[in-house]
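Each remark here refers to the structure printed beneath this line.
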Amino acid sequence: MPPSIPVPQSGFQAIILCGPGVSLNTFTANPEEYPKCLIPVGNRVMLYYPMTYALRAGITDITLITPPTSLAPIQAALQQNPHLTALPSPRVIAPKGLEMTMGTAELLRLPEVQACIKTDFLLLPCDLISDIPGESLIEAWMVSQGALGGSTLSEGKNAHGPVSSAPGGEQGGRRGGLSVFYQTQGREESVKGESTDFVAVAPLEQDKDEAPAVSHLVDGPQSVRSNLSKLVLSMPMDTLKEKMEKDKGFLLRHSLIEQHPKVKMLTSYRDAHLYVFPYWVKELARQEKLESVSEDILGYWAKAGWQKGLADKLGMKEIFHKESHGQDDSGSQDGESLEDEIDLRGMSTTKIGSTVEKPQSPVYASRVKASNESSKTIEVPPILAYVQRGSAPFVRRVDSTAILLSTSLRLAKLESTEEAGRQASPFAHNQKIAHPDGVAQRSTVTKSDCLLAENVTVEEKCVIKESVIGANCHISTGARLTRCLLMDGATVGPRAVLSGCVIGKRAKIGREAQLKDCEVQDGNVVEDEADAKNEKFMVFEGIDDEDDGGDFDDEDDF
């Protein structure tokens with residue numbers, strides 16, 4: 001069932017990065033035919049989740065970024081997959097210069113991507129599954145970082161940069177960004193060894209930051225705003241360990257502690273790669289020194305708020321100076337702009353975000369700087385962090401086989417829309433068992449924790465517990481499945497016993513095979529009476545199983 005779309009967020013767009021998925025190479029060994037974003041999670045293709053997330057947030061302007069080699073299968077899925085055809089068609093861009101190992105910040109520098117970013121934007125990966133209300137996240141950003149007169153900004157006709165579309169606009173306050181971090185430990189879907197990030201956050205200052213008072217925790221924007229902090233450090237835990245080994249300890253700058261004495265450091269959280277970015281981040285991404293959005297853009301931006309001189313090295317002064325001149329030059333030809341005639345900021349009783357101090361003297365040429373301009377210290381707009389607390393909402397990046405299995409099993413436990421009605425999760429299916437007639441009467445399927453797709457046939461004397469079975473699968477007589485994920489068209493032979501396994505599309509498991517915690521590649525055949533544990537059944541064609549360096553969804557790659 002397609003999601004209901006709230007009031008559209010005009011002047012806002014969503015960009016979804018669709019990578020090849022080397023970390024899931026058992027099932028994406030050939031991204032030209034089967035890219036990562038088409039892997040099924042909970043019997044829906046992975047791409048369905050970020051697309052519906054954007055739609056539930058009211059964003060209808062959706063762009064998919066993919067390598068040229070994966071363009072054809074993605075376009076075919078958008079036209080044929082029943083879960084995707086029910087959604088509005090997104091724009092798909094396959095830049096010619098996009099390579100498999102390209103960093104996410106490098107990707108944003110490509111001309112085709114730069115041209116498609118025309119407003120403030122939501123940036124998210126194809127492997128994100130999130131139950132955080134998208135509209136609440138954007139509203140929290142608008143309240144905390146939005147400028148007077150309009151909380152989004154569209155690209156204007158001025159050649160110098162974006163032009164405010166409403167009074168106040170970007171001139172009323174240089175807006176910051178918003179990032180999301182989720183807890184990886186102590187949750188039902190947690191897996192051992194999941195990648196984490198080192199995150200340091202500081203509480204928002206009521207007299208300086210946009211922190212609307214929240215008297216109590218409720219659902220909606222207020223609950224999101226109550227969990228907002230200011231991000232001051234962010235890097236992968238692997239990077240932190242390398243730095244500590246090199247520096248013989250954990251070193252911090254005095255300026256961080258002086259400016260944020262109440263900093264809290266977290267090591268069990270992970271960057272969801274879900275960001276609300278203002279338009280000017282497009283310009284920041286053009287810096288050649290930046291390779292990754294999560295580690296470079298986000299990490300350096302967070303440090304620029306307290307580390308002197310870093311904002312200049314990142315080119316923020318030039319970016320803001322150019323935009324302010326572009327806005328000054330973009331005034332109506334018929335006269336002064338409204339915000340020049342009336343001091344809207346002075347009249348406002350609300351607080352505007354961190355601003356770039358305007359020169360008092362007029363600027364007569366964009367290439368000539370006022371004498372006192374270079375001596376002014378730029379005020380870096382904050383990058384805020386939504387840090388998940390408690391057991392809800394559900395947030396997870398599905399970028400490994402273990403997480404793919406745990407997340408699918410977690411989704412299988414959700415009540416169907418028939419059972420829960422309007423209270424059903426946005427991830428719920430209409431029915432837990434889509435084709436009940438295909439299950440033999442003398443078989444056992446635990447409906448509360450199982451999910452069976454269309455045209456699944458289960459023969460007699462089978463036992464299926466806590467499993468997800470894709471469309472057109474066949475389970476033969478006497479087979480036993482526990483905590484398993486079967487993709488479309490898989491076949492399980494008679495009396496086979498599977499536990500904790502992920503079986504690819506059209507794979508065949510021989511009779512009386514016993515597999516535990518195994519992965520079977522698409523189309524592979526496991527021989528009869530096979531006995532294996534913690535093994536991968538796949539055809540290796542020059543794939544280095546130890547090298548994940550080419551994954552779009554690693555910290556440094558698209």
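Listed values, structure above:
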item: Kirkwood Rh, Cα atoms: Rg over Rh of the stretch 417-527; result: 0.98
item: Note, ³J(HN,Hα) from phi for the stretch 300-311, Karplus 6.51, -1.76, 1.60, rounded to Hz, x at Gly and Pro; result: 5, 4, 4, 6, 5, x, 9, 9, 5, x, 5, 4
item: Relative packing of 229-240, 293-304, 426-437, 78-89, which averages over residues the other C-beta atoms within 10 Å, highest first; result: 293-304, 229-240, 426-437, 78-89
item: Viscosity 1.002 mPa s, temperature 20 °C, Stokes-Einstein D of the stretch 9-130 from Kirkwood C-alpha radius, µm²/s; result: 148
item: The stretch 502-542 pair-distance distribution - Cα-Cα, 10 Å bins, rounded %; result: 33, 60, 8, 0
item: Fully extended contour minus Cα-Cα distance, from GLU379 to SER190, at 0.36 nm per residue; result: 64.1 nm
item: Neighbourhood charge, 11 Å Cβ-Cβ cut-off, centred on TRP306 and excluding it, Lys, Arg +1 and Asp, Glu -1; result: +3
item: The stretch 66-90 versus the stretch 382-407: alpha-carbon centroid distance in Å; result: 25
item: Cα gyration tensor, the stretch 242-291 - rounded (a/c under 1.5), prolate or oblate; result: prolate
item: HN-Hα J in Hz across the stretch 472-477 - Karplus 6.51, -1.76, 1.60, θ = phi - 60°, x for Gly and Pro; result: 6, 7, 10, 10, 7, 4
item: Burial order of peptide ranges 277-289, 259-271, 464-476 (average beta-carbon count within 10 Å, highest first); result: 464-476, 277-289, 259-271
item: For SER443, net neighbour charge (Lys/Arg +1, Asp/Glu -1) across residues whose Cβ lies under 11 Å away; result: +1
item: Label zone at GLN259 (point 7 Å along Cα-to-Cβ), backbone N below 19 Å, the stretch 376-419; result: 376-386
item: Peptide ranges 103-114, 50-61 listed from the most packed, as the mean C-beta count within 10 angstrom indicates; result: 50-61, 103-114
item: Built amide H within the under 5 Å cut-off of VAL525, gap 5+; result: LYS508
item: Distance violations [Cα-Cα > 24 Å] among LYS264/LYS308; LYS192/LYS516; LYS508/LYS536; LYS246/LYS317; LYS96/LYS505; result: LYS246/LYS317; LYS96/LYS505
item: Cα-based shape type of the stretch 27-95, given that a ≥ b ≥ c are square roots of the gyration tensor eigenvalues and the cut on a/c is 1.5; result: oblate
item: Within the stretch 9-130: Cβ-based charge dipole about Cα centre, in debye rounded to nearest 20 (Lys, Arg +1; Asp, Glu -1); result: 200
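Bear in mind these aren't lab numbers, they're just calculated from the coordinates by the rules spelled out. Note that the structure is predicted; figures quoted are calculated from it, not measured. Every residue, glycine among them, receives a Cβ derived from its backbone with ideal geometry; neighbour counts consider all protein chains shown.
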